[in-house]
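Since every read-out is calculated from the coordinates, none of them should be taken as a lab result. Small disclaimer: the values here were computed from a predicted structure and weren't measured. Cβ atoms come from the backbone with ideal geometry, glycine included; neighbour counts cover every protein chain shown.
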């Protein structure tokens with residue numbers, strides 16, 4: 001009896017990474033044994049087996065809060081491995097809520113939960129939430145290696161949401177690693193992240209220098225190349241090209257594999273579409289970004305992230321979101337080096353062919369008009385960064401709550417601004433939008449004004465809200481509610497949002513929804529929502545080769561433009577000059593650009609601009625210059641205007657053997 005009691009007493013003593021146990025039947029596997037078996041499955045990357053094991057354990061100890069919390073955290077890691085992000089977030093949060101606050105033996109599990117939340121948010125391009133989760137994880141990192149890894153995520157995500165905070169945290173990271181004896185790779189990763197931060201701040205010389213140090217720490221410009229080498233060398237090359245140091249860029253870019261693949265060809269993907277200018281991201285023709293993406297064996301883009309953007313972090317993230325919808329020929333991808341398709345980079349600009357009106361801008365205006373009609377004064381929001389604005393908005397909200405009460409209609413503009421703020425986490429945005437919606441409902445809001453707030457709850461309620469099919473289901477369900485179904489403006493705005501989502505995976509469905517808006521008899525012929533639907537419809541019909549339908553839709557919009565895509569017989573190409581860039585020829589680089597341009601009535605090319613370039617910044621200028629020299633047949637136009645607008649041409653630069 002003494003032996004049995006002693007074993008039981010030892011078993012219930014909490015230890016790091018273990019759970020409380022009081023099993024006394026030798027013939028049956030103990031909870032601890034099952035816990036260790038589940039851990040082994042997870043360590044072997046058998047995420048499905050680990051998940052089943054964790055769920056079985058949950059049923060065995062339903063009343064042990066501490067042990068359940070540990071299991072929830074470990075379960076979240078398995079769910080991350082299975083790409084079940086919403087469930088992973090729920091499990092991580094349940095674990096954090098259940099871990100005893102004063103139990104210091106569980107710091108590693110707390111860290112694991114925050115790290116999981118950070119990785120999920122970063123992968124979904126919710127960089128504000130990712131930065132906050134990384135910040136929480138950094139404070140409790142169990143060792144130096146984990147803390148350095150967290151600094152990487154923290155600075156990389158803050159670069160595109162709060163550059164000032166990224167600068168401060170980069171300084172903290174450098175101070176932390178300075179006295180440490182850590183592997184060179186960890187130092188190299190931080191140098192690479194710092195180069196990216198400096199590049200986005202326009203300090204190209206310093207960015208180049210930091211990327212150079214990263215390359216040196218990884219072993220220099222050797223023939224050996226892995227994913228870490230590729231990223232650091234590419235950062236150096238891009239910073240050098242942006243700074244006008246072309247010869248210095250050559251050696252580093254050549255050693256990334258870009259422009260001179262050892263096997264296979266990297267051609268534009270079958271669905272490699274840039275976003276339209278305008279839209280919800282407010283993209284401008286001059287905005288430019290470099291996006292890095294990875295392509296799975298089936299040709300689909302598995303992940304995308306911004307590297308650089310002239311135009312700000314919001315621009316960078318918008319282009320990265322667009323890249324997630326691309327796909328490539330699977331056979332072509334299999335013939336290419338694995339490391340290349342894991343870190344492919346392209347230079348992007350938006351398309352002006354069918355500049356897309358913003359639904360959000362329209363809904364913002366409708367909400368503002370409704371609030372003004374209710375005698376609510378819209379607050380003056382200072383211009384400047386979202387990072388600087390957010391604490392001021394929160395302070396203003398606190399003061400308004402004290403003055404007007406917690407459910408006053410005057411709070412809605414402030415809550416709406418917080419929900420929209422790029423630095424607010426997903427949870428903060430969701431809480432603000434949900435609270436604003438509740439106040440609106442109490443005051444009888446319906447239609448487009450209510451939809452302005454409601455749509456924010458759809459996109460912030462879940463970690464997987466970026467997944468098109470999930471968003472489409474949420475939108476369709478909401479549009480059937482009485483708040484919108486009988487209101488032509490709200491219904492049409494919602495359908496436009498639905499169409500924008502459907503075009504990612506169901507273009508026929510998007511066309512059908514856009515036709516519903518275009519045929520909405522309750523909207524005036526020139527209503528902005530109807531015009532927005534017809535412009536989108538023209539774009540989709542043209543992409544599918546339905547020129548007659550595209551032309552009819554565009555003409556119905558009432559917009560005046562001679563879109564090349566809408567002409568049965570565009571002006572015939574006659575000839576073009578152009579030359580292979582001398583530097584690229586000397587480097588032995590190949591590549592291509594997608595150039596967008598207009599054709600004047602006299603056959604000359606106007607407004608040429610490269611919208612996709614590979615490798616970044618190498619053939620951009622040459623592609624534009626090639627089209628600038630092109631000549632098309634003349635087109636009669638009574639007003640002497642464009643003969644053809646919004647044309648597209650790929651220029652491929654290939655070295656003949």
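With respect to the chain, whose longest principal axis is taken over its alpha-carbon atoms, helix 426-442 is tilted by about 80°. The label-point distance for residue 469 and residue 205, in a model that sets each label 7 Å from Cα toward Cβ, rounds to 5.3 nm. Ordering 96, 514 by the number of other Cβ atoms within 10 Å of each residue's own Cβ, fewest first, gives 96, 514. Compute the acute angle (0 to 90°) between the alpha-carbon long axis of helix 488-502 and the principal axis of greatest extent of the alpha-carbon atoms of the chain; round to the nearest 10°. It is inclined by approximately 80 degrees.
With the largest listed first and rounded to whole Å, the semi-axes of the equivalent ellipsoid of the stretch 50-124 from the Cα gyration tensor are 19, 16, 8. The ranking of 305, 76 from fewest to most other beta carbons within 10 Å of each one's beta carbon is 305, 76. Counting only alpha carbon atoms, the long axis of helix 107-123 and the longest principal axis of the chain meet at about 10°.
Note on residue 181 and residue 83: the model spin-label points, each 7 Å out from Cα along the C-beta direction, lie 4.3 nm apart.
Defining a contact as two alpha carbons under 8 Å apart and six or more residues distant in sequence, what relative contact order in percent does the stretch 385-434 show?
Numbers: 40 pairs, mean separation 18.3, N = 50.
Computed over the stretch 385-434, the figure is 37 percent.
Our estimate of slack between residue 629 and residue 327, defined as 0.36 nm per intervening residue step minus the Cα-Cα distance, is 105.5 nm. The shape of the stretch 152-236 comes out oblate: with a ≥ b ≥ c from the C-alpha gyration tensor, a/c is at least 1.5 while a/b does not beat b/c. The stretch between residue 143 and residue 65, if pulled fully straight at 0.36 nm per residue, gains 25.4 nm over its current Cα-Cα span.
Ranked by the mean number of other Cβ atoms within 10 Å of their residues, highest first, the peptides 109-117, 541-549, 310-318 come out as 109-117, 310-318, 541-549. Given R0 = 56 Å, the distance between the Cβ atoms of residue 245 and residue 552 translates into a calculated FRET efficiency of 0.65.
Once you sort the root eigenvalues of the Cα gyration tensor of the stretch 385-434 as a ≥ b ≥ c, which label holds: rounded (a/c under 1.5), prolate (a/b larger than b/c) or oblate (the other case)? Oblate, since a/c reaches 1.5 and b/c is not below a/b. Across the chain, Cα pairs under 8 Å and at least six residues apart give a relative contact order of 9 percent.
Over the stretch 149-231, Cα pairs under 8 Å with separation of 6+ residues give a relative contact order of 27 percent.
Starting with the fewest neighbours, write out 462, 74, 473 ranked by other beta-carbon atoms found within 10 Å of each beta-carbon.
Fewest-to-most Cβ neighbours within 10 Å comes out as 473, 462, 74.
In the chain, helices alone account for a calculated mean residue ellipticity at 222 nm of -17500 deg cm²/dmol, with every DSSP H run of four or more residues adding -39,500 (n - 2.57). The mean of 1/r over all pairs of different alpha-carbon atoms in the chain, once inverted, gives a Kirkwood hydrodynamic radius of 27.5 Å. With each label modelled as a point 7 angstrom along the Cα→C-beta vector, the residue 36-residue 358 pair spans 5.9 nm. Classification of the stretch 462-512 by its C-alpha gyration tensor yields an oblate form. The axis ratio a/c (a ≥ b ≥ c) is 1.5 or more, and b/c is at least a/b.
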